[in-house]
Amino acid sequence: MKKGVKFRIYPNKTQEDLINRTFGCCRLIYNRALAMRKDAYKNDVKCGYNQTSTMLTQLKQQEEYSFLKDIDSIALQQSLRDLDTAYKNFFKKLAKYPKFKSKYNLHQSYRTLNQGNNIRIIGNSIKLPKLGCVKVKQSMEIGKINSVTVERTPTGKYYVVLNVDFEPQQHINNGGEVALDMGIKSFYTDSNNNVVNNPKYLEKSMKRMVREQRRLSRKKIGSNNRNRQRIKVARVHEKVTNQRNDFLQKVSTKLISENQTIYVEDLKVKNMIRNHKLAQSISSVSWGMFYRMLEYKAKWYGSKIIKVPTFYPSSQICHVCGCKNETVKNLSIRTWECSDCYTVHDRDYNASMNILQEGKRLVLQ
């Protein structure tokens, strides 16, 4: 299988300058190719990857664009392939129409392929085309490198994202199964009555974020002071992102390693964030990212993710006798008593038990 591994790199001034030039050249080629394809469509002329690749070859031969010869040629070709993929995804209705790239975007990246072992780890450095050996902070052992994406974050840090081969080792989980009821106050409550609290990293950093953003608004546009303050704001956002990702990775890995089958609600997060009162809390808790992590880790380690339909009333049904209590639609009701069997339910635990029972029923169908 393949997976992405992200390491931070520390280029010197010369390497940093070449990386930034590569960003600009790949952006130039991508935008020219996009404009070329848009014009060809208007004029009803065929234009695909082959035509844009010919355009790149012709540009390199012009003295005006001789600087393109100093850049990794594979990276330039990859920008054309990425555009071609974007068009294919658009026609398959998997993505929106491709947009022109802006140099004012604070996140920049380019991608290149490993050909002839020209990308490899050597000691505490990584060898990259045209850049040579760049100091890297390697946090894990990796397999064969297929491709690498070099990126610069809004805080000015540089990273490499390596696409590598790896062989997942099957977890011994004795066929365990669990159902999750996702929440905001608690991240989830499972059918084993375990509760994982929501760390609320965004909410805890909000005071500092507002303060730094207010200072940024007072700086003169285009000044060095404004750029320094912009980096401070970006660092706050970056820290929240890193904290959230670390939390989600650890929780998802623990669930996959301990359970063979995981039952979850099929949440429509995009629809849920239309509720302006809950939008920030739902975005902060990142259910969508958590589900994606569960799904790809389940594929790696041979586990199963079973999704219960969105509108299944898991909170309203007594998991003991099956009696339905529609008054529980009110989110403020955290505990309730069944009118038939008189069982007192914790809202979240009862929902997780119903998700477990409904998930099992769906599997047997």
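The values are calculated or read from the model by the stated rules, or taken from the named source; none is laboratory data. If you're wondering where the values come from, they're calculated on a predicted model, not measured in any experiment. A quick note on method: Cβ atoms are made from the backbone with ideal geometry, for glycine too, and the neighbour counts reach across all protein chains shown.
Just the residues that are of a type in the set (D, E, K, R) and either in a helix (DSSP H, G or I) or closer than 20 Å to residue 201 by Cα (or both), please, taken from the range 216-245. Result: 226, 228, 230, 232, 235, 238, 239, 244. Listed by position, the strands (runs of 3 or more DSSP E) contained in the range 80-169 that have at least 2 residues being out of contact with any Cys (no Cβ under 9 Å at 6 or more places or on another chain) and hydrophobic (A, V, I, L, M, F, W, C) are 132-137, 145-152, 158-165.
Within the span defined as the range 256-263, every residue fails to be acidic (Asp, Glu), surrounded by fewer than 20 Cβ atoms within 10 Å (Cβ to Cβ), at pLDDT 85 or above and closer than 16 Å to residue 182 by Cβ. Restricting the first member to the range 337-365 and to residues that are under 18 Å from residue 310 (Cα atoms), and the second to residues that are charged (D, E, K, R) and buried (at least 23 other Cβ atoms within 10 Å of the Cβ), the beta-carbon pairs closer than 7 Å and six or more apart or on different chains are 348/181; 351/181; 352/181; 355/181; 355/265. Of all residues in the range 8-37, those that are buried (at least 19 other Cβ atoms within 10 Å of the Cβ) and part of a strand (DSSP E or B) total 1.
Residue count for the range 144-163 under the criterion of being of a type in the set (A, V, I, L, M), closer than 11 Å to residue 6 by Cα and buried (at least 18 other Cβ atoms within 10 Å of the Cβ): the result is 4. Scanning the range 28-57 for residues that are in contact with a helix residue (DSSP H, G or I) (Cβ under 7 Å, 6 or more places away or on another chain) and among the aromatic types (Phe, Trp, Tyr) turns up 30, 49.
Quickly run through the range 328-341 and pick out the residues that are among the hydroxyl-bearing types (Ser, Thr, Tyr) and modelled with pLDDT of 85 or more. 335 - this is the single residue of the range 328-341 that is among the hydroxyl-bearing types (Ser, Thr, Tyr) and modelled with pLDDT of 85 or more.
Only a single criterion out of (1) more than 19 Å from the chain's Cα centre (by Cα); (2) among the aliphatic types (A, V, I, L, M); (3) within 25 Å of residue 167 (Cβ to Cβ); (4) in a helix (DSSP H, G or I) is not satisfied by residue 262, namely (4).
Condition test on residue 289, is it part of a helix (DSSP H, G or I) and under 15 Å from the mean Cα position of the chain (by Cα)? Yes; evaluated as a whole, the condition is true for this residue. Take residue 112 and tell me if it is more than 24 Å from residue 15 (Cβ to Cβ) and among the β-branched types (Val, Ile, Thr). Criteria not met by residue 112.
Here residue 130 does not qualify as charged (D, E, K, R) and out of contact with any Leu (no Cβ under 8 Å at 6 or more places or on another chain). Of everything in the range 38-79 that is surrounded by 11 or more Cβ atoms within 10 Å (Cβ to Cβ) and assigned to a loop (DSSP other than H, G, I, E, B), the residue that is nearest to the chain's Cα centre (by Cα) is 72.
Report, by residue number, each residue of the range 268-284 that is more than 17 Å from residue 244 (Cβ to Cβ) and among the hydrophobic types (A, V, I, L, M, F, W, C). Walk me through how you get there before you give the answer.
Restricting attention to the range 268-284, the residues satisfying the condition of being more than 17 Å from residue 244 (Cβ to Cβ) are 268, 270-272, 274-278.
Across the range 268-284, the qualifying residues are 272, 278.
Filtering the range 327-365 to residues that are more than 18 Å from residue 265 (Cβ to Cβ) and either outside the structural domain of residue 190 (by TED's automatic domain parsing) or in a helix (DSSP H, G or I) (or both) leaves 327, 364. Put simply, of 88, 60, 92 the only residue that is touching a helix residue (DSSP H, G or I) at 6+ places or on another chain (Cβ under 7 Å) and assigned by TED's automatic domain parsing to the domain that holds residue 109 is 60.
Residues in the range 172-186 that are without any contact (Cβ under 8 Å) to a residue 12 or more places away in the chain and under 27 Å from the mean Cα position of the chain (by Cα): there are none.
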